[in-house]
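Structure record follows, encoded as structure tokens.
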Amino acid sequence: MFPIDLKDSRILITNDDGYNADGIKILYDLAKTYTDDVWIVAPEFEKSGASHALTFINDLTLKKHGEKFYSVNGSPSDCVVIALDKVLKDKRPNILLSGVNSGVNVAEDVTYSGTIAAAMEGVIRRVPSIALSQNYDLGKKDQISWDVTKAYLCNVLDKIVLNGWDFNTLLNINFPQCKVDDVVGIEVTSQGNRETDDLIVWEKEKNLFRIGLQRRLGESAKPKHNIINKHIDGVMTDVVAITSNNISITPLHLDLTHVDSIETLRNSLKR
């Protein structure tokens, strides 16, 4: 991929928290320091956990809220599709920024996250894409501090766009929940795993359930007894980076093939 000149770019912004979320407003303000050609096409309602869902059955409505500012009553992926094929069909964006999500997207989160999925859709459509998330203290989503994002986001972007990255890859960037002065550094990381299942299900009343997340990152930083993702020597996982107050940058790609299993399966079929 070629370097990206953000000062001469069209920037598309989306998220999964909804077009009125604090994180997307912060991202818009930071993007505007580079260029005036910044567009928002984001979900009308929060779509956290929507993953890579596309709406095939229901109609989608595009609403305009201001110059270069739209919402869609669908998923983050719906927003990217409509943004690229309709809103920005005259000139495609040079880069897609998804976020800033309230809460980290690390380890198994990447399979659930609408923030990540929007960046995936950008990659599929050959737009360089970055997912951005800000950690918060357990149980304090309503008190989230965006200070680290505000202090470091532009610095991180300035560095990674100089050389660009592979067209088949999205970047998953997570900012730790700490004071700005307590940020240890910036780590290029691998996707980690949680020690315990982070999902919880509770029954509000008979046969009426809600699903949520406990966000137990502290436990997830412990050594794993049954590693799922490959350990890479000399490389932190995203979970360890965030729990040790580092900014985490993880390159992710859409190829889900488990290469090591191919020969095993071939041998099984020969029997």
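Table for the structure above
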| read-out | value |
| --- | --- |
| Spin-label model distance (nm) - ASN155 vs THR55, 7 Å beyond Cα toward Cβ | 4.0 |
| Whole-angstrom gap from the range 174-192 to the range 15-71, using each part's C-alpha centre | 25 |
| Sequence ranges 264-271, 35-42, 161-168, 65-72, ranked by mean other-Cβ count within 10 angstrom, highest first | 35-42, 65-72, 161-168, 264-271 |
| Interchain or long-range residues, amide H under 5 Å from GLY164's placed H | ILE4 |
| Relative contact order, percent, the chain [alpha-carbon distance under 8 Å, six or more residues apart] | 18 |
| Per-selection Rg to Rh, the range 15-146 - Cα, Kirkwood hydrodynamic radius | 0.94 |
| Where the Cα pairs of the chain fall when distances are cut into 5 Å bins, in % | 1, 6, 12, 17, 19, 17, 12, 8, 5, 2, 1, 0, 0 |
| Partner lysines for LYS86 [C-alpha distance under 27 Å; skip if fewer than 8 residues away on the same chain] | LYS7, LYS25, LYS32, LYS47, LYS63, LYS64, LYS68 |
| Top positive-direction residue, dipole computed over the chain with Cβ charges, set VAL127, PHE69, VAL106 | VAL127 |
| Positive-end residue of GLY164, SER261, SER190, charge dipole of the chain with Cβ unit charges | SER261 |
| For q = 0.17 Å⁻¹, Debye-computed log10 I/I(0) when each Cα of the range 118-160 counts as one equal scatterer | -0.65 |
| Mean Cα-pair separation over length for the range 1-152, i.e. relative contact order, pairs under 8 Å, 6 or more apart, % | 26 |
| Pair GLU263, ASN207: separation of 7 Å Cα→Cβ label points (nm) | 5.3 |
| The chain: antiparallel DSSP beta bridges as a percent of all, rounded to 5 | 40 |
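Any read-out appearing in this document is the output of simple, stated calculations on the displayed coordinates, not a laboratory observation. These numbers come from a predicted model, not from an experiment. Note that we place each Cβ from the backbone using ideal geometry, even for glycine, and neighbour counts take in every protein chain shown.
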